[in-house]
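Following: one structure in structure tokens, then a few remarks.
The values are calculated or read from the model by the stated rules, or taken from the named source; none is laboratory data. All figures in this text were calculated on a predicted structure; none of them were measured in a lab. Quick reminder, even Gly has a Cβ in these numbers, built from the backbone with ideal geometry, and neighbours come from all protein chains shown. The area values use the complete protein model at the heavy-atom level, side chains included, leaving out ligands, DNA and RNA. Shrake-Rupley method; radii C 1.70, N 1.55, O 1.52, S 1.80 Å.
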Amino acid sequence: MKIFSRAFALIIAAAVVFAAGCANLPDAPPADFTPREVSVPAASAPGISVEENDKAVIDYSNSSDGYIMAKYRIDTPNMINVLVDGPGGEQYVYIVAPGDFAVFPLTEGNGRYVVTLCEQVDEMKLKVVVKAHIDVSISDPLAPFLRPSQHVNYSKESAVTAKAAEITAGARDLIGVISAVFNFVTGNLSYDTELAQTVESGYLPDLDAVLAKGKGICFDYAAVMTAMLRSLGIPTKLVFGYVGEYYHAWISVYSEEEGWIGNVIFFDGQDWILMDPTLTSGAGQSGLSQYIGDGVNYVAKFHY
């Protein structure tokens, strides 16, 4: 996909100047500070509410917890797609491998969802295998943004989870936790030019592999940060959309005081500033400085 590859080719490593401007972490937390514990809710497919046949199953038993699961049961050389049409009007398209359940968050909130599992029988034709119509009422609107999913895939045993706990051990509050994660990711990942030039539709980050090689594209940056913050119990959206004319990925973090804070956060001690670290770092070379500022040029399309 040319637009996908071109956009990723423009996203480069985050600026040291930007990272250095984040709130400084204290040498030690205050006496009344309670360290954040790792929080990785497990997903399950108990089979209570399902649409299924001999080829596939859609399990929506846990839709009130903000997610569904789906599995294609038999081997096939064909591509398997899961299409999720929610109340927000956007169609989310996922690619799944046969044999294993995958988790899909219900990020558009309450309402009617139509979930369709399809087999791609040729380049232009999808064959519907199983479909579910689900009336969703989520008990906690933040739930879809607090657990692993196909796009943000991690566990309690993941390296990203352990690293998140390590680097935030001295953080004194929410701002300190977010700053520590932000500074670590932007300071330890470099831009993967080769991947940006070859990435294809359907790419999903292996978060531990990204961490190990220290390279990534904007999807990788955003997914690693999202996993780290979620693993610490901080609601975080992985956002795909447009920055000007370019397709891009960033994050949005939830604060009880501020609500959702978008376009990758920065806090100067008084104000939240809506900025994107990858575009900030490349503004001088790419001419993208026009897109950096209060977030008006950011148009979110999908939330994962």
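Here are the numbers:
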{"item": "Cα-Cα over 24 Å, subset of Lys163/Lys237; Lys55/Lys237; Lys55/Lys127; Lys163/Lys213", "result": "Lys55/Lys237"}
{"item": "Distant-in-sequence amide H partners of Ser190 (H built 1.01 Å from N, under 5 Å)", "result": "Lys215, Gly216"}
{"item": "Built amide H within the under 5 Å cut-off of Val136, gap 5+", "result": "Gly111, Arg112, Tyr113"}
{"item": "Kirkwood Rh, Cα atoms: Rg over Rh of segment 93-134", "result": "0.99"}
{"item": "Estimated vicinal HN-Hα couplings, Hz - segment 78-88 in sequence order (Karplus 6.51, -1.76, 1.60; Gly, Pro = x)", "result": "7, 6, 10, 10, 10, 9, 10, 9, x, x, x"}
{"item": "Note, ³J(HN,Hα) from phi for segment 106-113, Karplus 6.51, -1.76, 1.60, rounded to Hz, x at Gly and Pro", "result": "9, 7, 9, x, 6, x, 8, 10"}
{"item": "Per-residue SASA entry for Lys213, accessible area with 1.4 Å probe, Å² rounded to 10", "result": "110 Å²"}
{"item": "By accessible area with a 1.4 Å probe, ligands and nucleic acids excluded, highest first: order of Trp260, Trp250", "result": "Trp260, Trp250"}
{"item": "Pair Met79, Val299: separation of 7 Å Cα→Cβ label points (nm)", "result": "2.4 nm"}
{"item": "Computed label-point distance, nm, for sites Ser155 and Asp173 using a 7 Å Cα→Cβ extension", "result": "3.7 nm"}
{"item": "Arg112 - accessible surface, heavy atoms, 1.4 Å probe, Å² rounded to 10", "result": "120 Å²"}
{"item": "Lysines whose Cα lies under 17 Å from that of Lys156, excluding same-chain neighbours fewer than 8 positions away", "result": "none"}
{"item": "Distribution of pairwise C-alpha distances over segment 77-225, 10 Å bins, in %", "result": "9, 31, 33, 22, 5, 0"}
{"item": "Taking all pairs of distinct alpha-carbon atoms in segment 219-264, Kirkwood radius in angstrom", "result": "10.9 Å"}
{"item": "In nm, spacing of pseudo-spin labels at Ser44 and Glu256 (7 Å Cα→C-beta vector)", "result": "2.8 nm"}
{"item": "Student exercise, segment 126-235 dipole from Lys, Arg, Asp, Glu Cβ charges, in Debye to nearest 20", "result": "160 debye"}
{"item": "Per residue, in Å², the accessible surface of segment 86-141 once ligands and nucleic acids are set aside, probe 1.4 Å", "result": "52 Å²"}
{"item": "Exposure ranking of Tyr242, Tyr154 by accessible area [1.4 Å probe, largest first]", "result": "Tyr242, Tyr154"}
{"item": "Spatial separation of Cα centroids for segment 185-224 and segment 65-96, in angstrom", "result": "23 Å"}
{"item": "Long-range HN-HN contacts of Tyr67 with modeled amide H, under 5 Å", "result": "Leu106"}
{"item": "Accessible area per residue, Å², segment 160-270 with all protein chains present, probe 1.4 Å", "result": "35 Å²"}
